[in-house]
Amino acid sequence: MINKEEVERIAGLIKLEITPDEADSLQEHFNKILGYFELLGNLPLESVDPFVGDEDVICPMRGDDVSRWDNVMALNELANFNEEGYFEVPSILGEDN
Amino acid sequence: MSVRELSAREIAGLVKRGELKATEVVRAVFDEIKNNEKKLNALITIMEERALKRAELIDEKVAKGQWKEKALLGVPVVLKDNICVEGYPTTCGSKMLKKWISPYNAGIVDYLEEAGTILIGKSNMDEFAMGSSTEHSAFGPTSNPWDLERVPGGSSGGSAASVAAGYVPLAFGSDTGGSIRQPAAFCGVHGMKPTYGLVSRYGLVAFSSSLDQIGPFTRTVEDMALALDVIAKHDYRDSTCWTGNRPSYSEAILNANIKGMRVGVVRDFMEEGLDDELAQAVEKGLGILVENGAIPVDLNLGDIKECALPCYYIIAPAEASSNLARYDGVRYGLREDADNLLDQYIKTRGKGFGDEVKRRIMIGTFVLSSGYYDAYYLRGLKARKYVCEKFKEAFSNVDVIVMPSTPTPPFKKGELVGDPIQMYLSDIFTLPVNLAGLPGISVWMGLNSTGLPMAMQIIAPKWHEVRILKAAAKIEETIGACPLAPGGE
Amino acid sequence: MVSRKYVTVIGLEVHVQLKTNSKLFCPCSSDYIGAKPNSNVCPVCLGLPGTLPVLNKKAVELALKMSCAIGGNIQKESRFHRKNYFYPDLPKAYQISQYDRPISFGGKIPIRTADGKKFIGITRLHLEEDAGKLVHATSDGRLHGFSSSYVDYNRAGVPLIEIVSEPQISTPEEAKEYVLALRKLVRYLGVSDGDMESGSMRVDANISMNEEGQPLGVKVEVKNMNSLRALQRALEYEQKRQMEILSSGGVIIQETRHWDDVRGITVSSRSKEEAHDYRYFPDPDLPLLVVSEDLIEKMAKSIPELPWEKKERYLFEFSMSEEEAEILTSQRELAQYFEEVLASGAPVKPLVNWMKTEVIRSNKEGKFDFNNPEINPQALAKLVKFLDEGKISNTAAKDVWLVMLDNKVGLEEAMEKAGVTLGGLSAEKLESIVSKVLDQNQDVVKEILEGKDTKGKKIKFLMGLVMRETRGQAKPQNVEEMLRSKLHG
C-alpha cells in the first residue's frame, strides 16, 4: 500500500502540483494498479535477462558534420526567448540543483 | 460517386489522369468537414488555406504533365495531432501545447508531401496519446460516427473518425498500446500498427518511445498497402528506425495467395472477458482464411494476456514520465508564472496536464524511483522479454495469429472515464503486440446485431507486414471494404 | 592528548569536452564560445517535442581513444541511459549519459608525486551530453536583479566524457598532478582542449579523511573549482576543515559543498536537494551502442606515444634530467619539434639546452608557436650544430634565433642580418678591432709595455673589450694571440 505522503513525494519528484483531492484519487489509483502489478509475481521471470536480446537495430552513428539550423528565427519567435535571446526563468540564485 | 466515397488509390488515379482536380477534392473535403465537425469534433486544427494552395500547385503540375509518378497525388490526409507539421500547432490534445507551433516537419510529413498528398488537418486525440476513448482531450471528446453517443476509441480517435466519416480516405495515428487498432475497430475502418522501427518516429511527440509507432487508417486494404509504401522508409533522424529493405506492399498484395499460410488462433483469448459477437467475428475471419487455403493452428501464448497489462502500465508510464518532463514552461508551451522556479514548474505542470496524464507520469516516476526500480521497472522489462519469447515460440509454428482487436464493441461516452483500469482493459488484446514490437492490423468485420462495428486483429512476426496485408485482403474480398459511417452524412 | 594521524582519501570526477565539430546528438556546432545566446541550437538540442538523438561517431571515437590511452577495458556493447532531473539548463529534463554500462571500465594514469611516480586507477569512463549555461547577468554585464536567471542552450548537447578515478589520491598536490597529467593526455591525444578556465575540463572531487588504520571516513563532494589552483586550495581547505571537525570529536556530514574562490572556503549546498533520485533507465531512443573490433583497433593505432612513455624514453635515451624530460614532454607539439630538430642532425645536449631556454622563452613571449613552428627544424639543427662546434658563440646564436623569429627569414639571411659569420671574424676584421681597442687605451698599453701587468689582469681587460666589440664572435685564444703580437710586435 502506498500512503499519501509517498504520493506527495512522487509528485515532488516529477514536479506536479496536486490538490488534496487529486492526491486522494491518485493514492486510490496507485493501490489499484499496484495490485495488478502483483500479477507479474506469478511469471517465471527469475532467469530472464531483459538486456540481452536479438537487437534488430544497433545504435547508428552519423558523421561529425556541422549543419546550422537555419530556422533559428522561427524558434526565436515561437519560444519564450527574451529580447537578448535568453530564456528567462525565476532566479535560481541561492538554489541548488 | 462523390469524392468522400473514393479510396485514396481512386483519387490519386483520377487526379493524375486529370479527371478530377485536386482543388475539387479539397473543396469536397472541407464541405464534408463543415457539415459534420460540430457533431464529430474529430479535428483540432483545420488547414484549409494550406490545403487549397497545395491543391492548386498539384493541379498546375498535372496540367503540365508533371508529378504523375506520385503515388498519393491529390489524396487528402489527416494526421493525429502529435505529428509535427512545420508552422502549425501540434497540441497533443493538451493544454500544455495548445499554443505550441512546430518549427519542423515530422519524417512522415516529408514522405507524404513527397508522395503528393494534401494535408487537411490535425486530429483529436487523448492527451499525449494516453487513453482509449479520445475523451481525455483538452479539446473535448470526439464522437463515434456510427453512434454519436459512443466513443471512437483512442487515443487516435479523431483520425479513425475522420476516415470512417468520409472526411478523408487516409489518416495517420500513433499506436503505443492499441491507439490505432482499437479506434479502428470502434470506428469500422482498417488500422495498422507496423513493426516497431518500420516507420520513422522523428517528429512524433513521444509518449513511450520503445512502444510508439505511426500507422495508417484506411477503408481498403489496398490503400493500407499504398500508405505503407509511402511511409515505411528508413529515416536516419530516428536511431531506432530499421535499416532493412522494405518490400513494395502494394505489389505484394496483388493477387494475394494465402494457400498454406498457417494461422494461429489463441483459444484462451476467445473465452471469458470477450464479447460473444466479437468472438464470432474472429471465428468468421479465421473461417474465411481457411476457405482461402490457410491452415488453422491452435496456439497457447501462456500468460501473456495476464501479464501484458501490468507490464505495459509499468513500461509506458516510466518512459512517459521522462518524455513529458520537458514540459516545464521554460522553453515553450504553457507557462504559469511564479516568483520562484519550483512553483513555476509545479504550477505549469499541474495546470497543463490532465488527470490521465498525471496518473501515468506519477506511476511512471514511482516505478523508476529509488527503492522500487527492481520490484517494478526491472520486473516490467523482464515480463516484456517474456512476452517477446512467447510470441517467438508461437511464430515458429504459425505465420500469422488472429485474435480480437478489442474485448467489447464501442462503449458510451462517460461510461469508463471514471474507471481508469476498466478503460485500460479495453486494450488488453492490443498491448501484447506493442510490447513485442510486432505488426498488427485491425480489420473491419462488419456490424454487430446492434449496428456497431466489429473487427479482428491479425498479427505477424516483425517485418512481415506483407503476410498481414495478404490475409486482410482475403478477409476484405469476403466482408467488403469499410463502408462510410452514417454519422458522417 | 595524543595527536592522531589522519589520512586523506580523494577521488576525482573529471568532465572533458570532446573536440568534435558537432554536438553529441545533433549537427549543431560544438563551438559555442562567443556565440549569441541560443543561436547555436536546433529542435533536437532544445529538446522540442518529437525530436530524437542521433549519435556522433567522432565522439565515440574520441572516447575510445581516451580509453585505449589509459588502458581501459573497452566495452564492445554499451548503453545510453537517461538521468532525470529538473533544472533550467537541461532542455529535456534528462541528461543522456551512460550508467551501468559505460563505454570503458578500468585503466590507470601515472602521476608525479613527492616520492617519484604513482599510478592512479580509473574506475570508468563514459560518454554524456553537456547542459546549457545559466547566467545571472546578460551579455552586456547588466544584472537584472535577483528576480530572474537567464538560460543559454548553446552548450547543451556538446559531447563530454566523464573520467572517474579510484579514491587513490592522497593529497591536494597529487590531485593537481592527476589533473595535470589528464590535461596533458587529452591534449596529446587531441581529444580536448583540456582548459579548466573555459570549462572544457571540469573537476569535481570527493574527499574523506580517516584515522590511519581505520575504515574510510564520510566523503564530501566538492564542486565549482574553475582552475588547478582552485582545486588545490579547495581540497586543502576541506582537508583542514574535516581534520578540525574530526580531531575535536565531531562528525562529517555527507554532503555537496561548493568552492567559493573569493572567500577561499567551501560552502554547504543546503541539503534540501530531496536526496537526488535520478531515476536512471535505458534511453529507448538509442539502441545498444556496439563498437566493432575494427574501430577499436583503428583508434588504438591512432594513439601517439603517450606523455609518460615519451618522458621515460627521453630519460633513458637522451640521459635528460627529470626536469628536462618533464619540460620537453609537457606538450606534444614541443616534443615533436624537438624530435624533428634532433632528426635533422642537432646534437642532443646543446639542443636540449636550447629547447628548454630559448625555445620555451620565445614561446612564452608569443614569438614561437609549437603548433606551427616559425623556424624549420633543419635551420635550428644547423644553428645548434654551429654553436656546438664553436663556429658561433652563444650570444651570436641567440641573435640569429631572434632575427629569424622577428623577420621570418632563413638561417643564412638571419646570420647576415645579425653580422654573424661562421668561424668567428675574419683575421682582417679582428686585426682592425684590436688596433682600435689599443688606440683607445694607450694608457693601459703603456702600463703593459712597462711591465706592470704582472698578474695578466690588464691584458685580460683589453681582451674583454675586444670580445665585446666582436659580439663574442671571436675565439678568445685568437684574440689573445693577436693582442700580444700587436703589443710586442
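The values are calculated or read from the model by the stated rules, or taken from the named source; none is laboratory data. The structure displayed is predicted, hence computed values, not measured ones. Using ideal geometry, Cβ is built from the backbone for each residue, glycine included, and neighbour counts are taken over all protein chains shown. Side chains included, ligands, DNA and RNA excluded: accessible areas come from the protein's heavy atoms. Shrake-Rupley method; radii C 1.70, N 1.55, O 1.52, S 1.80 Å.
Key figures for this structure:
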| read-out | value |
| --- | --- |
| Options B:260, B:293: the member that is in a loop (DSSP other than H, G, I, E, B), touching a strand residue (DSSP E or B) at 6+ places or on another chain (Cβ under 8 Å), open to solvent by 20 Å² or more (accessible area, probe 1.4 Å) and away from chain C (no Cβ under 14 Å) | B:260 |
| Tabulated pairs, region A:19-32, first modelled with pLDDT of 95 or more, second crowded, with 18+ Cβ neighbours inside 10 Å and among the polar types (S, T, N, Q), C-beta under 7 angstrom, 6+ apart or interchain | none |
| Strands (runs of 3 or more DSSP E) wholly inside region B:162-243 containing at least 1 residues that are among the basic types (Lys, Arg) | B:190-193 |
| Complete set of residues in region C:451-489 that are assigned to a loop (DSSP other than H, G, I, E, B) and open to solvent by less than 90 Å² (accessible area, probe 1.4 Å) | C:451, C:453, C:456, C:470, C:472, C:473, C:474 |
| Of residues in region C:54-79 being open to solvent by 10 Å² or more (accessible area, probe 1.4 Å) and in a loop (DSSP other than H, G, I, E, B), the one nearest to the other protein chains (Cβ to nearest Cβ) | C:54 |
| Residues being closer than 23 Å to residue C:254 by Cβ and surrounded by 22 or more Cβ atoms within 10 Å (Cβ to Cβ) - total across region C:179-217 | 4 |
| Unique match (being part of a loop (DSSP other than H, G, I, E, B), buried (at least 22 other Cβ atoms within 10 Å of the Cβ) and modelled with pLDDT of 95 or more) among B:484, B:469, B:438 | B:438 |
| Complete set of residues in region B:1-22 that are surrounded by 18 or more Cβ atoms within 10 Å (Cβ to Cβ) and of a type in the set (S, T, N, Q) | B:7 |
| Candidate set from region C:416-450 (those that are open to solvent by less than 30 Å² (accessible area, probe 1.4 Å) and out of contact with any Asp or Glu (no Cβ under 8 Å at 6 or more places or on another chain)); member that is nearest to residue C:375 (Cα to Cα) | C:424 |
| Qualifying residue in region B:449-461 (condition: touching a helix residue (DSSP H, G or I) at 6+ places or on another chain (Cβ under 7 Å), open to solvent by 20 Å² or more (accessible area, probe 1.4 Å) and either free of Cβ contacts under 8 Å to residues at least 24 places away in the same chain or part of a loop (DSSP other than H, G, I, E, B) (or both)) | yes |
| Filter result (under 21 Å from residue C:96 (Cβ atoms) and more than 7 Å from every other protein chain (Cβ to nearest Cβ)) within region B:302-344 | B:315, B:316, B:317, B:320, B:323, B:324, B:327 |
| Long-range neighbours under 7 Å by Cβ, at least six apart or interchain, first residue farther than 17 Å from residue B:313 by Cβ within region B:126-154, second basic (Lys, Arg) and part of a loop (DSSP other than H, G, I, E, B) | B:135/B:413; B:138/B:95; B:138/B:98; B:141/B:413; B:149/B:413; B:150/B:413; B:151/B:413 |
| Failed criterion for residue B:140 (all others in (1) open to solvent by 10 Å² or more (accessible area, probe 1.4 Å); (2) in a strand (DSSP E or B) hold) | (2) |
| Single residue of C:82, C:4, C:101 found to be open to solvent by 40 Å² or more (accessible area, probe 1.4 Å), touching a Pro at 6+ places or on another chain (Cβ under 9 Å) and either under 28 Å from residue C:276 (Cβ atoms) or not in a strand (DSSP E or B) (or both) | C:101 |
| Residue list for region A:3-21, filter: assigned to a helix (DSSP H, G or I) and within 7 Å of chain B (Cβ to nearest Cβ) | A:10, A:11, A:13 |
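Yes/no matrix, rows are residues, columns are (1) open to solvent by less than 10 Å² (accessible area, probe 1.4 Å); (2) outside the structural domain of residue B:347 (by TED's automatic domain parsing); (3) of a type in the set (S, T, N, Q); (4) within 19 Å of the chain's Cα centre (by Cα):
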site	(1), (2), (3), (4)
B:79	yes, yes, no, yes
B:87	no, yes, no, no
B:92	yes, yes, no, yes
B:104	yes, yes, no, no
B:107	yes, yes, no, yes
B:114	no, yes, no, no
B:119	yes, yes, no, yes
B:147	no, yes, no, no
B:158	yes, yes, no, yes
